[in-house]
Amino acid sequence: MDLKFFKKSIPTLAVMAVFSVLMIYAIYTLLTPEKKLPVFNPADVNPKLVDESVVHVRRNHKIADFELINQNGDTITYADYEGKIFVADFFFTRCLTICPVMTNNIGKLQEVFLNDDDVKFLSHSVTPVMDSVPILKAYAIKKGVIDKKWNITTGPKPHIYNLARKSYFAVLDEGDGGLQDFVHTENFVLVDKKRQIRGFYDGTDNEEIERLIEDIKLLQKEK
């Protein structure tokens, strides 16, 4: 073997090796589709959770405008969430079953995204008559709610019910007309900056909370 020839060929071989690696990476990147969260429309959701007026809609669903009152007595509208990714849920302060777990888990999410201005949280009381502003304020203090990150809201019952059934799909239509007739789910609803629903998550399940965290981060990477 001619050692001189071999030594002269080393730079060429090195360049070819680097070029091959780059080509393989480029081909892999082109052939591997970018992971992207789905966009949910009413027709994609359990029809029991969807108002019959919109259950047929298959595209372009957006979260409707809203006007609610938060734990500080301030009026909260979509303008407070404009350009944000947010997680919405439905609860009531007297709930002793799934609600405390859900609220504690939003507290964990609040901590994860504490310094991330892109992400906020929005909780809706399904018993607005009983969940007055002072009660919501006491609840917020107890649960460690940070005002700039998380609004716990009340408002007219028909308005909240319409949001639940026509926008977020988080309440079963099994009420009896009473004060506590909202049969709400344990779902957290992930909403993107375009007012689109991008995911549903079991707010009582730790693995689902981890999935939600990863999906929020994935959503932030979307162009």
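At a probe size of 1.4 Å, how large is the accessible area of R211, to the nearest 10 Å²?
The value for R211 is about 100 Å².
By the scheme Lys and Arg +1, Asp and Glu -1, what is the net charge of all other residues having a beta-carbon under 12 Å from that of E210?
Counting the neighbours of E210, the net charge comes to -3.
Taking loop as defined by DSSP and a crowding limit of 15 other beta carbons within 10 Å, which GluC sites (Glu not before Pro) in region 181-223 fit?
E222
Which percentage, to the nearest 5, of the DSSP beta bridges contained in region 84-223 is antiparallel? Working shown, then result.
Numbers: 10 of 21 bridges.
In region 84-223, approximately 50 percent of DSSP beta bridges are antiparallel ones.
How much length would be gained if the chain were fully extended between Y78 and N46, taking 0.36 nm per residue of separation minus their Cα-Cα distance, in nm to one decimal? Spell out each step's value before the answer.
On the way: separation 32, 0.36 × 32 = 11.52 nm, distance 2.53 nm.
Net length gain for the segment: 9.0 nm.
Return one whole number: the accessible area per residue of region 42-98 in Å², for a 1.4 Å probe. List each step's numbers first, then the result.
Values: 3070 Å² over 57 residues.
Averaged over the residues of region 42-98, the accessible area is 54 Å².
How large is ³J(HN,Hα) for each residue in region 192-201, as worked out from phi by the Karplus curve 6.51 cos²θ - 1.76 cosθ + 1.60 (θ = phi - 60°), to whole Hz, x for Gly and Pro?
8, 6, 9, 6, 9, 7, 10, x, 10, 9
Pop the C-beta distance of E222 and S53 into the FRET formula with R0 = 35 Å and round what comes out to the nearest 0.05. Walk me through the intermediate numbers first.
On the way: r = 30 Å, r/R0 = 0.86.
Efficiency computed from Cβ-Cβ geometry: 0.70.
What pairs from K166/K217; K35/K143; K148/K223; K108/K223 go past 32 Å between their alpha carbons?
K35/K143
So, counting K/R as plus one and D/E as minus one, what does the shell of residues with Cβ under 14 Å around P38 add up to?
On the way: positive: K35, K36, R58, R59, K194, R198, R211; negative: E34, D44, D192, D215, E222.
Spelling it out: positives minus negatives among the neighbours equals +2.
Which of the peptides 117-130, 143-156, 94-107 is most tightly packed, and how do the rest follow, judged by the mean count of other Cβ atoms within 10 Å per residue?
Per-residue mean Cβ counts within 10 Å order the peptides as 117-130, 143-156, 94-107.
Given H placed 1.01 Å from N in the peptide plane, which residues other than close sequence neighbours of T153 have an amide H under 5 Å from its amide H?
Counting only residues 5 or more places away or on other chains, the set is S123, H124, S125.
Give me the percent of accessible area attributable to carbon and sulfur for region 87-213, probe 1.4 angstrom. Write down the numbers at each step before the final one.
Working: 2780 of 5280 Å².
Carbon plus sulfur share of accessible area: 53 percent.
Can you list the residues, at least 5 places off or on another chain, whose amide H is less than 5 Å from the amide H of F92, using H built in the peptide plane?
When sequence neighbours closer than 5 places are left aside, the close amide H contacts are V126.
Want the number for K137 to N60: 0.36 nm per residue separation, take away the alpha-carbon distance, what's left? Please list the in-between numbers first.
On the way: separation 77, 0.36 × 77 = 27.72 nm, distance 3.56 nm.
That works out to 24.2 nm of additional length.
Taking 0.36 nm per intervening residue step and subtracting the Cα-Cα distance, what contour gain separates N162 from E207 on full extension?
Details: separation 45, 0.36 × 45 = 16.20 nm, distance 2.97 nm.
Additional length available on full extension: 13.2 nm.
The values are calculated or read from the model by the stated rules, or taken from the named source; none is laboratory data. Not measured: the values here are computed from a predicted model. Cβ sites come from the backbone with ideal geometry, for glycine too, and all protein chains shown count toward neighbours. When the accessible area is computed, the model is the full protein with side chains, heavy atoms only, and any ligands, DNA or RNA have been set aside. Shrake-Rupley method; radii C 1.70, N 1.55, O 1.52, S 1.80 Å.
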